[in-house]
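Have a look at the structure below, then the notes.
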Amino acid sequence: MKRFAFKTVVAVILVSAFLLVTLSYVRNSQRNTQFKAAQAGFRTMLQVQAMALNDGFFSWSELRTKVEKADLISTRALLEEVYDLYPYIENIDVRPGTPPDGAYGVASTVSSLSLTFGVKDDFGNSPLPGWVGEAEVNVQKLLDSLQTDRRIVVAPVKGRDLVYSIRADFVDPLLDWLDYLFIILLTMATGYAVSVWLWRRNVTFYETRGLESIIFLFEQTERVSANHSRRVAALTMFLGQKMGYRGRRLRDLYTAGLLHDIGKISVPSNILLKEGPLTPQEQQIVATHPIISARILKNFKELTHLSGIVLHHHERIDGSGYPEGLEGSAIPEEARIIAVVDVFEALVGDRPYRDPLTTEEAFATLRDMPIDQSIVEILVAHFGEFKSFQTPKWALAYHHGLEKV
């Protein structure tokens, strides 16, 4: 159990780590794509703003004349219209300075950005020496225009390069609560699936390797009964399929058929192999084997639910069976199926104390016994098909032993 829990915990941790790394990688890739788009958009918007300012305001003869006359009050009045037309411009003015070589220049820090222009005539020529126009750009406002939500913000300290030395980053953490909720839910679902898989694998161990070990030990003490159990299990599975058993119920029926006589381990071999009739005391000893079989199965958590089936496989419809004398439908159907197959295989199989009966002789005997006759008729109707019946891969190999009958 501890090993089972440890494997489950390890699986959950590995899945959580994998999901965390994978989702972080996906989110980071999405952010890189978004950031690159913001970079390209910011650069384009800035160029559009700069060219519009250059052509609309700083290539203006009237403005150039007023600046040349040092009439800064009138100059600023002409520039006031900028704030209505260009919402991303935070401040605009003219000041002494050297005009840029191109249409405009860019000056920036990690959090601010300004554009400089030459003061030119209407044709964009003859920049006024010693003077420049300067427009301060609201970086965050321009950045916000490129986003549907404010996810990227100016971050001078921990941000990454946006453009012109401006640094920005995402305001939210890489993974939000929905991402963590997704990881938790998927981890829980995966953990449940893993635990179920481990449990089924553990059950399968008892149904295959574990059962092989049990039957191997059984064969070392009493090979006849062990081979009988293998054949009973196979024929029981065949009959169960004909009766509509599927999946887990069919596997349980097969396993119960395989282990129905496991309690004979406690019966001395000289009694089991005796060629003559048993004494009443010997019969009482043999009659204890269903109880012992049930006790053995109860020692295995994966098999304990089958104990009632093996306990009652010697009950009879009229109440004449053992160990509890149950009647009719009080006997579990699986036990009634095994009872029919158990008697049939014993009649047609090799035994040290008598010769086997033919199939028809065995069928006639079954019809005279207080066992479930509806199951007997299903066996009679379909037994011819059993010779070609192929057991599933998970079932134990068995010697058919019924071809000749």
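Bear in mind these aren't lab numbers, they're just calculated from the coordinates by the rules spelled out. Given the structure is predicted, the values throughout are model-derived calculations rather than measurements. Glycine also receives a Cβ, built like all others from the backbone with ideal geometry; neighbour counts cover every protein chain displayed.
What is the sum of charges around residue 317, taking Lys and Arg as +1, Asp and Glu as -1, for the other residues whose C-beta is under 10 Å from the C-beta of residue 317? Spelling it out: positives minus negatives among the neighbours equals -2. Summed over qualifying helices (DSSP H, 4 residues or more, each -39500 (n - 2.57)) and divided by its residue number, the chain shows a 222 nm mean residue ellipticity of -17500 deg cm²/dmol.
Compared with the alpha-carbon gap, the fully stretched path from residue 30 to residue 318 is longer by 96.2 nm at 0.36 nm per residue.
Averaged over residues, the count of other Cβ atoms within 10 Å places the peptides 140-149, 329-338 in the sequence 329-338, 140-149, highest first.
As I understand it, the value is the acute angle between the Cα axis of helix 289-298 and the longest principal axis of the Cα atoms of the chain; what does it come to in degrees, rounded to 10? For 289-298 against the chain, the angle is about 10 degrees. Ordering 283, 358, 263 by Cα displacement along the dipole of segment 208-388 toward the positive end leaves 263 in first place; charges were set at the Cβ atoms of Lys, Arg (+1) and Asp, Glu (-1). According to the square roots a ≥ b ≥ c of the eigenvalues of the Cα gyration tensor, what is the shape class of segment 208-388, taking rounded for a/c under 1.5, prolate for a/b larger than b/c otherwise, and oblate for the remainder? Rounded is the answer for segment 208-388, as its axis ratio a/c remains below 1.5.
Computing FRET efficiency as 1/(1 + (r/R0)^6) for residue 40 and residue 69, where r is the C-beta to C-beta distance and R0 is 45 Å, gives about 0.60.
The mean sequence distance of close C-alpha pairs (under 8 Å, at least 6 residues apart), as a share of the length of segment 218-333, puts its relative contact order at 19 percent. For segment 67-127, the list of GluC sites (Glu not before Pro) that fall in a loop by DSSP and count at most 12 other C-beta atoms within 10 angstrom reads 80, 81. Length available on full extension from residue 301 to residue 365: 0.36 nm per residue minus the Cα-Cα distance, which gives 19.3 nm. Between the amide H of residue 131 and those of 97, distances stay under 5 Å, these residues lying 5 or more places away or on another chain, with hydrogens modeled in the peptide plane.
For segment 14-100, trypsin sites (Lys or Arg not before Pro) are listed when DSSP marks them as loop and at most 12 other Cβ atoms sit within 10 Å of their Cβ; the list is 69.
Shown in residue order for segment 270-281 are the 3J(HN,Hα) couplings computed by the Karplus curve 6.51 cos²θ - 1.76 cosθ + 1.60 at θ = phi - 60°: 5, 7, 5, 9, 5, 8, x, x, 7, 6, x, 5 Hz (x for Gly and Pro).
Compared with the direct C-alpha span, the chain from residue 77 to residue 150 gains 22.9 nm at full extension, assuming 0.36 nm per residue. Taking all Cα pairs closer than 8 Å and separated by 6 or more residues, the relative contact order of segment 1-124 comes to 27 percent.
Run the paramagnetic zone check for residue 62: 7 angstrom along Cα to Cβ, then residues of segment 125-162 with backbone nitrogen under 16 Å. Under 16 Å, as judged by backbone N against the label point of residue 62, lies no residue of segment 125-162. Taking the longest Cα principal axis of the chain as reference, the axis of helix 223-242 is set at about 60 degrees. When you restrict to C-alpha pairs under 8 Å that are six or more residues apart and normalise by the size of the chain, the relative contact order lands at 12 percent.
Between residue 177 and residue 9, take the C-beta separation as r, use R0 = 25 Å, and let me know the FRET efficiency to the nearest 0.05. Efficiency for this residue pair is about 0.55. Angle of helix 247-259 to the longest C-alpha principal axis of the chain, folded into 0 to 90 degrees and rounded to 10: 40°.
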